[in-house]
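Each remark here refers to the structure printed beneath this line.
The values are calculated or read from the model by the stated rules, or taken from the named source; none is laboratory data. None of these values were measured; they are calculated from a predicted model. Cβ placement follows ideal geometry from the backbone for every residue including glycine, while neighbour counts extend to all protein chains displayed. Areas reflect the complete protein model, heavy atoms only, side chains present, ligands, DNA and RNA absent. Shrake-Rupley method; radii C 1.70, N 1.55, O 1.52, S 1.80 Å.
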Amino acid sequence: DQLLQEVSSFTSSGKEETEQFRLRFNGKKGILNDLFEKFKEVPSDRKKEYGQRINSLKQAVAAKLDELKNEGETVTAADKEDLTRPGFPLEMGTRHPISIVKHRINDIFRSIGFAIAEGPEIEDDWHNFSALNMPEYHPARDMQDTFFIEQNPDVLLRTHTSSVQIRYMENNEPPIRILAPGRVFRNEAVSARSHCIFHQVEGLYIDENVSFADMKQTIQYFTTELFGKSKIRMRPSYFPFTEPSAEVDVYWGLNSETDYRITKGTGWLEIMGCGMVDPAVLSNVNIDPEKYSGYAFGMGIERIVMLLYQIGDIRLFFENDKRMLDQFKSI
Ligand code: PHE
């Protein structure tokens, strides 16, 4: 009874004291073993009572140890963690250079009132070709080698983001001012200069009295924001969905303020196609060409990233080589 009393009133101030308590009762030479040893010598008429008493002592000890163990754990949980240890190195990912430049282009146009629009990568003939003034058998379709998913009726991977122009004009009234970035696909041999997948950004502005001069001004503003002070020129070109059409070149000169980014490839470099939206295209999407006019432009993002960061091979964008991507960590 005295021992039972001792067990139930025991409190521990720490691990060491608890351990001593355990040894005193449960150890090899502890009280319990000792009592069990003595059990043999107890006269048989008293064995039953004696046995019960040892058992209740044993249970009390076990219960106490359990209690102390739980207590110990709550008290020392924080002590067990070493808060001064250095953390696990969580490596941050990087934005892909295509995304970095795409966001910059988006931001520049957003700041002058363009909204971002998107369209599907799997297109039909109408949105990718016919509505853009390229009817069936039009030779201009050969300008873009197309991946067909199905033929008659044609389902294909869009060859340019101009399809988004059509989708947007079908569903919205002028004034329209949108920018449509996205992936496009062309059935071309993969090389350092061209890939079967790449990215474009399409711009479209439709309103009353939009002029070629408005377009030129906007493009000049854009190249200045993106490349720093820059010279551009426009060369006459041909697209079935714009008239007149032009190709925009930007000048990479060793004496320009863009020097620090460019070590080779000086001279005029083509960065986009553009033009005044052909009245036939406006009619295709039920916009009155007598009332409205507008311009459109389209540029390849890869080409621009390659210029900005001096990347010599377009295939690097799609290989996800960490040594390449890690170089964009700080940007
Ligand atoms: N869609 C054309 C291309 O992929 C680019 C372009 C867009 C030209 C808009 C004029 C106007 O080559």
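Scanning segment 1-51 for residues that are of a type in the set (A, V, I, L, M, F, W, C) and open to solvent by 70 Å² or more (accessible area, probe 1.4 Å) yields 23, 36. Cβ separations smaller than 7 Å between residues 6+ apart or across chains give the following pairs from segment 121-134 residues that are over 17 Å from residue 200 (Cα atoms) to residues that are among the β-branched types (Val, Ile, Thr) and at pLDDT below 95: 124/155. Taking segment 273-287 as the range and being open to solvent by less than 30 Å² (accessible area, probe 1.4 Å) and among the aliphatic types (A, V, I, L, M) as the test, the residues that pass are 276, 277, 281, 282, 285, 287. How many of the residues making up segment 129-143 are open to solvent by 20 Å² or more (accessible area, probe 1.4 Å), within 14 Å of the ligand (Cβ to nearest atom) and not in a loop (DSSP other than H, G, I, E, B)? So the count comes out to 3. Here segment 177-220 is the region considered, the condition is being touching a Gly at 6+ places or on another chain (Cβ under 8 Å) and more than 14 Å from the ligand (Cβ to nearest atom), and the residue that is most open to solvent (accessible area, probe 1.4 Å) is 177. The residue that is farthest from the ligand (Cβ to nearest atom), among those in segment 225-236 that are open to solvent by 50 Å² or more (accessible area, probe 1.4 Å) and in contact with a strand residue (DSSP E or B) (Cβ under 9 Å, 6 or more places away or on another chain), is 231.
Would a scan of segment 205-212 turn up a residue that is under 28 Å from residue 318 (Cβ atoms) and in a strand (DSSP E or B)? Taking every residue of segment 205-212 in turn, none turns out to be under 28 Å from residue 318 (Cβ atoms) and in a strand (DSSP E or B). Residue count for segment 310-327 satisfying the condition of being surrounded by 15 or more Cβ atoms within 10 Å (Cβ to Cβ) and modelled with pLDDT under 90: 1. A residue that is within 14 Å of the ligand (Cβ to nearest atom), under 19 Å from residue 282 (Cα atoms), assigned to a helix (DSSP H, G or I) and not β-branched (Val, Ile, Thr) can be found somewhere in segment 144-162.
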